[in-house]
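One structure is given here, and the rest of the page talks about it.
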Amino acid sequence: MLMSNLQVRDVSAAAFAVLTERELADIRRNEGARVIQHGRHYWEQTGAPGFFQPVHLLARLNPEEATRPTPWSWGYRATLAPNAASAANGSVPVLRLPDLANYEVNSLSANRRNKLRKCQRLVRIVQLTGPELLEEQGHALILDALSRTQHKKPPSREQYLEQVKKYFRGNHWCVLAGIIEGKLGGYLDGYVVDGVAYGANAYYATWALPTNISTGLVFEFAQLCRRLECVHTFTGGLHSREVPQLSQFKDDMGFVVDPLPIKWEMSPLARTFIRMHRPHAYYRLTGTE
């Protein structure tokens, strides 16, 4: 497939907008999410209806701000400021790079450095500036990736194309893709809000895994965030302790598990159900067993 040069740019020239919490809240509301303002912060309903957390999860609230955002909520959580850790009753197990400002090749394990060099030989990493490549090859790729990882239900083609549209409605999403001999081998997305870079989703084709495309894409996204002087934290999601291979990958890439203090509440019935039937999700929600 011939790619339009108007729809990709080299990762060395990648750029995207940095959001404030309010701007992120407006975007999520326009995308159809239920977003409410509670005090100085914006909260989003996530997961099962009635559970809320700040749209900017790492906003670090004061204890008096970390309260039930609506009387109709059956549960909520909010990350606390460092000086308010004594008020915490749980934690959120964030994967983050401990020293983004100095993150470079030598931050990786020796084995991962070798894999990065292999990726750099075989994969061209670009920023997507338009939907063309994802519209043509993305859905097949995501079906392949999710059939392998099974971490969520695969979207229909129509659902997938709607998500692709969201990437390019503004300029706050950064989508990095790995191109191998003209074909899409994988991609990841992320955004930055108030100095925190969130790596949101990543999908890799099974046939592309031997190129170590995942290593190259994560490394380049971190380097891009490092070049943005306003970014002080890069998070690669939450700790998936039940997936040892993913945990090892994150460890090799230099991520650490940082249990940030949170204040949370949950109805007794919901708490019992989630704890019994989805213990790993319960751990990610509350930081407790």
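Taking label positions 7 Å along the Cα-Cβ direction at both Val18 and Arg117, the computed distance is 3.4 nm, reported to one decimal.
With a cut-off of 8 Å between alpha carbons and a minimum separation of six or more residues, what is the relative contact order of the chain in percent?
On the way: 515 pairs, mean separation 79.3, N = 289.
Once divided by the residue count of the chain, the mean separation gives 27 percent.
Counting only alpha carbon atoms, the long axis of helix 157-167 and the longest principal axis of the chain meet at about 80°. Give me the base-10 log of I(q)/I(0) for the chain at each q in 0.08, 0.17 Å⁻¹, Debye formula, one uniform scatterer per Cα, rounded to two decimals. Values returned for q = 0.08, 0.17 Å⁻¹ are -0.35, -1.59. Listed peptides 268-280, 18-30, 87-99, 181-193 appear in the order 181-193, 87-99, 18-30, 268-280 once ranked by packing, highest mean of other Cβ atoms within 10 Å at the front.
Longer than 23 Å from Cα to Cα, which of Lys152/Lys250; Lys115/Lys183; Lys115/Lys152; Lys115/Lys165; Lys165/Lys250 are they? Say none if no pair is. Mind showing how you got there, number by number?
Working: Lys152/Lys250 20 Å; Lys115/Lys183 20 Å; Lys115/Lys152 27 Å; Lys115/Lys165 33 Å; Lys165/Lys250 29 Å.
In this structure, Lys115/Lys152; Lys115/Lys165; Lys165/Lys250 lie more than 23 Å apart at Cα.
Placing unit charges on the Cβ atoms of the charged side chains and taking the dipole of the chain about its Cα centre, the candidate lying farthest along the positive direction among Asn171, Gln37, Asn102 is Asn102. Proximity of backbone amide H atoms, modeled 1.01 Å from N, is registered between Leu238 and Leu95 at under 5 Å, excluding neighbours fewer than 5 places apart on the same chain. Considering the chain as a Gaussian network with a 10 Å cut-off on Cα pairs, which listed residue, Gln159, Gln120, Gln45, attains the greatest mean-square fluctuation? Looking only at Gln159, Gln120, Gln45, the biggest GNM fluctuation is shown by Gln159.
A Förster radius of 30 Å combined with the Cβ-Cβ distance from Ser156 to Ser267 puts the calculated FRET efficiency at roughly 0.40.
What the phi angles of region 232-240 give under the Karplus curve with 6.51, -1.76 and 1.60, with θ = phi - 60°, is a coupling list of 10, 9, 10, 10, x, x, 10, 5, 9 Hz, glycine and proline written as x.
Values quoted throughout were computed directly from the atomic coordinates according to the rules given, and no laboratory measurement underlies them. Since the model is a prediction, treat every value here as computed from it, not as a measurement. Virtual Cβ from ideal backbone geometry, glycine too; neighbours counted across all protein chains shown.
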